[in-house]
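The values are calculated or read from the model by the stated rules, or taken from the named source; none is laboratory data. This one's a predicted model, so the numbers in the text were calculated from it and none came from an experiment. Cβ atoms come from the backbone with ideal geometry, glycine included; neighbour counts cover every protein chain shown. To get the accessible areas, we keep the full protein, side chains included, count just its heavy atoms, and leave off ligands, DNA and RNA. Shrake-Rupley method; radii C 1.70, N 1.55, O 1.52, S 1.80 Å.
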Amino acid sequence: MLKLISKLLINTKSIQRMIKYSKSGNFIQLKPKLYKQSVHFEKNTVLAGDKLIPTILEGSFIIPKNVTVTFQNITFSPTARMYIEGDAVLTNCRVIGGKTDVLIIVDGGKIKATHCEFKKARDIGISLINNSKAIIENCTFEENGKTHILAESSQICMENSELSKAKHALLIKNQSLLQTKNVHIHHHTDTQVVIEDAKYFDHESTIERGEGMGLQVLQKGHVSLQATNFKYNASTQIAGQNSFLIIRNSTIQHGKDAGISLLGHCEAQLSYCEISQHKNASIEVFKQSNLNIEYSLIDGSDKQGLNIRQKSIVNLYDVIVKGHRGSQIFVIDKSICSMKKCIIKEGYHVGICIEDESSCAVVESEICNNANSAVTVFKSEFSIFKSILNANAGNGILAMTDSSIEVDQCKFFENEMPHIACKSNVKIHLEESELFKGKSLFIVNECELTAVNSQFYDSHNVQVEICDLSTARFENCQIYNGGSYGMKVLQNSNCYLLNSSIFRHELSQVVVNDSSVILKDSEVFAGSRHAFYIQNHSEVLIQDTFISKHAQHQIWIDFESTVDLKGVQLTDGSLSDIYAQNQSSVYVADSMIRNNNARYNVQAVNFSKIEIGNSVVENKYGDVYYSENHSLIKQLDY
C-alpha cells in the first residue's frame with residue numbers, strides 16, 4: 001500500500017496536491033529534483049527526498065497549529081520564511097537562504113532538527129517566539145547574517161552542533177531557556193552568545209575565536225556552565241551585568257581582553273576552573289558585583305589577576321593566582337576580598353594591592369615570589385591569619401596612609417625589603433607571628449604598632465625600626481640573632497616593651513635617638529656592642545629588667561638624654577655598665593650593677609649627672625665610679 005501511494009504522488013506535479021489527497025501521517029517520497037512550490041501543510045505528513053541526489057524545495061512553507069510535518073533528506077531554498085506554528089521534524093536536511101531574511105520562524109510551535117544545515121540567511125537562521133521549543137542535534141549553522149538562532153520566550157536544547165560565521169551565534173532573550181552540550185561556537189564578528197533575561201545551561205561546549213565577546217549575560221540572565229571552554233575571543237570572554245553565573249570545571253584562556261568581567265550588580269560562582277593568558281585582567285569585578293571562586297587557577301595575564309572595584313565582594317577558597325604582569329589581586333573603591341587556603345605567587349608586580357577604603361582578609365594562605373611587595377595597603381584594612389609571606393622582591397606588607405593591619409600566626413621570611421613597613425598613620429596589630437631572614441619592621445610617620453607573642457630574628461639589617469612620631473608596644477616578644485641593630489627608635493617616637501627579650505645582635509641591641517622607650521620585665525643580653533645606645537634628648541625607663549654580657553658599654557647615654565633604671569640587674573659587661581656623656585642624666589634605684597671585667601661600672605663625662613640610690617654597685621677592682629669634666633656621680637641614701 002505504501003509503495004502505491006508513493007508512486008501515485010511522485011507522478012503528481014504539485015506537492016500541495018500530494019498532501020491534499022494523502023491521509024494524515026502518510027509518507028511521501030519525492031523525486032530528486034528542484035520543486036519551485038510553496039506549501040501550506042494542512043495535515044500530518046512525512047516528506048522525504050533522495051538520500052544520494054539532492055531533492056530541493058524552493059518556496060515558502062507553513063506548518064499551522066496541531067500539524068506535525070517530518071522532513072527527511074530535503075534541501076530547502078526558501079523564498080520566504082518557513083513558518084511553524086505546529087511541529088516540524090527535520091532529519092538530514094539543508095536549509096539554505098539567500099532570498100529571505102529569516103530561514104525558519106517557530107511561533108508557538110516545535111522544531112526538531114537532526115544532522116541538518118542552516119546557512120546563508122540574510123538575518124536569522126531560526127527565530128523562536130511565543131513559547132516555542134527547539135531540539136537541535138548534530139547540526140551546522142553557518143553564514144547567517146545577524147544570528148543563527150534568536151529565541152524570545154522559548155526553549156532550545158542543542159547537542160553536538162557547530163555554529164560559525166555570523167554576527168552572533170545565539171541571541172537568547174525574554175525568559176527563554178537554552179541548554180547546550182558539546183556545541184562548537186566560533187568565528188563570529190560580535191558577541192558569540194548573548195543571554196538577556198534568560199537562562200543558559202551548557203556542558204562541554206567550546207566558544208572560541210570570536211571578534212567580540214564569547215558570552216554576554218544581561219538583565220537578570222542566569223547561566224550555568226559545566227566543562228565549557230572559552231579561548232581566543234577578541235573581547236572579554238565572559239561578561240555579566242545584573243545577572244547570575246555558575247561556572248564549573250571550565251577553562252577560559254588566551255583572550256585578547258579580559259577573561260571574565262562582572263560589570264555591575266552581578267553574582268558569579270566559579271569552581272575547578274582555569275582562567276589564564278589574557279591581554280587584560282583575568283577577572284574583573286565591578287559595580288557592587290559578588291564573586292566566589294573555589295579550587296581554581298588564575299594565571300598569567302598581562303594585567304591584574306583579579307581587578308575588584310566599586311563596592312564589589314570577592315571570596316576565594318583554595319585558589320592559585322600567579323604570573324600576572326599587574327597586581328595579582330587589586331581591591332579598590334570600598335570593595336571587599338577574602339581568601340582562604342590560597343597561593344598568590346610569581347607575579348611581576350604586587351601580590352595583593354588594597355586601596356581606597358577597601359578591605360581584604362587572608363587565612364591559611366601563601367603569598368610568595370612576587371617581583372614587588374606581597375601586599376600593599378593604602379587607606380584600607382587588611383587582616384592576615386595563619387599565612388606565609390616569603391621571597392618577595394619588595395615588602396611582605398607595605399601599609400600606607402590611614403590603613404589598619406592585623407597579623408596573627410603568620411610567618412614572614414626572605415623578603416628583600418622589610419617584612420612589614422608602615423607609613424603615615426597606620427595602625428598595626430601583630431600577634432603570635434614570626435618575622436625572620438630579613439628586616440622585620442619599619443614603622444614610620446605617626447604609625448601605631450602593637451606586637452604580642454611574636455618573634456623577630458635572623459636579619460642582616462635592622463630588625464625593628466620605629467621612627468618619625470610613631471608608637472610601638474611589644475608584649476612577650478623576642479628580638480634576636482641579628483646581623484645589625486636589634487631595634488631603633490628614632491625621631492620623636494615612643495616604644496614600650498613588656499616581658500620581652502632582645503639578644504645576640506652584631507650592633508647595638510636597642511638604639512634610641514630623640515625618642516622615648518619604656519622597658520619592663522624584660523631581658524637584654526649577649527650583644528656584640530651596646531645593650532642600649534641612647535642619644536639626642538631621648539628618655540628611657542628600664543624597670544625590673546636583666547641586662548648582661550655586652551662587648552661595649554652596656555648602656556650608653558649621650559647628648560642630653562635621660563635614663564631611669566629601677567629594679568635593674570646589670571652584669572657581666574666587657575666595659576662599663578653605664579656610660580653617660582654630654583649633659584645626660586641617669587637615675588638608678590633598687591638595682592644591682594656588678595661587673596668584674598671593667599675597672600669602672602659607672603662613668604659620667606662632659607657635664608653629665610648620675611644619681612644612684614638603694615642599689616649595689618661593685619666589681620673586683622674596687623673603683624666603681626668615674627667622672628670628669630664637670631660631671632657628677634652621686635650615691636644617695638634612702
Legend entry - Conditions (1) surrounded by fewer than 18 Cβ atoms within 10 Å (Cβ to Cβ); (2) of a type outside the set (S, T, N, Q); (3) under 26 Å from residue 600 (Cα atoms): number failed by residue 532: (1)
Inset, instruction - Would you mind telling me which numbered condition in (1) open to solvent by less than 10 Å² (accessible area, probe 1.4 Å); (2) assigned to a strand (DSSP E or B); (3) closer than 25 Å to residue 480 by Cβ residue 586 fails? - result: (3)
Inset, instruction - Select from segment 98-117 the residues that are closer than 20 Å to residue 159 by Cβ and either small (Gly, Ala, Ser) or part of a loop (DSSP other than H, G, I, E, B) (or both) and write down the one among them that is most open to solvent (accessible area, probe 1.4 Å). - result: 115
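Here's the yes/no breakdown for (1) at pLDDT below 95; (2) β-branched (Val, Ile, Thr); (3) under 21 Å from residue 168 (Cα atoms):
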{"site": "229", "(1), (2), (3)": "no, no, yes"}
{"site": "252", "(1), (2), (3)": "no, yes, yes"}
{"site": "269", "(1), (2), (3)": "no, no, no"}
{"site": "276", "(1), (2), (3)": "no, no, no"}
{"site": "279", "(1), (2), (3)": "no, no, no"}
{"site": "291", "(1), (2), (3)": "no, no, no"}
Legend entry - Boolean, residue 548 is in contact (Cβ under 8 Å) with a residue 12 or more places away in the chain and either over 59 Å from the mean Cα position of the chain (by Cα) or not in a strand (DSSP E or B) (or both): no
Legend entry - From the options 460, 429, residue that is out of contact with any Phe, Trp or Tyr (no Cβ under 8 Å at 6 or more places or on another chain), open to solvent by 40 Å² or more (accessible area, probe 1.4 Å) and in a strand (DSSP E or B): 429
Inset, instruction - Give the residues of segment 455-478 that are under 16 Å from residue 428 (Cβ atoms) and either touching a residue at least 60 places away in the same chain (Cβ under 8 Å) or of a type in the set (A, V, I, L, M, F, W, C) (or both), sorted by residue number. - result: 456, 464, 466, 467, 469, 472, 474, 477
Inset, instruction - Go through (1) in contact with a His (Cβ under 7 Å, 6 or more places away or on another chain); (2) assigned to a strand (DSSP E or B); (3) surrounded by fewer than 24 Cβ atoms within 10 Å (Cβ to Cβ) and name the single condition residue 371 misses. - result: (2)
Legend entry - Single unsatisfied condition, residue 220 versus (1) open to solvent by 30 Å² or more (accessible area, probe 1.4 Å); (2) within 19 Å of residue 312 (Cβ to Cβ); (3) not in a loop (DSSP other than H, G, I, E, B): (3)
Inset, instruction - Quickly run through segment 254-273 and pick out the residues that are part of a strand (DSSP E or B) and either hydroxyl-bearing (Ser, Thr, Tyr) or buried (at least 19 other Cβ atoms within 10 Å of the Cβ) (or both). - result: 260, 261, 262, 268, 270, 271
Inset, instruction - From 343, 332, grab the single residue that is of a type in the set (Val, Ile, Thr), surrounded by fewer than 24 Cβ atoms within 10 Å (Cβ to Cβ) and either under 21 Å from residue 426 (Cβ atoms) or without any contact (Cβ under 8 Å) to a residue 24 or more places away in the chain (or both). - result: 332
Inset, instruction - For segment 45-59, name all the residues that are buried (at least 19 other Cβ atoms within 10 Å of the Cβ) and farther than 21 Å from residue 97 by Cα. - result: 45
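A quick yes/no check of all residues on (1) over 23 Å from residue 218 (Cβ atoms); (2) surrounded by fewer than 18 Cβ atoms within 10 Å (Cβ to Cβ); (3) touching a Lys or Arg at 6+ places or on another chain (Cβ under 6 Å):
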{"residue": "96", "(1), (2), (3)": "yes, no, yes"}
{"residue": "173", "(1), (2), (3)": "no, no, no"}
{"residue": "184", "(1), (2), (3)": "yes, yes, no"}
{"residue": "187", "(1), (2), (3)": "no, yes, yes"}
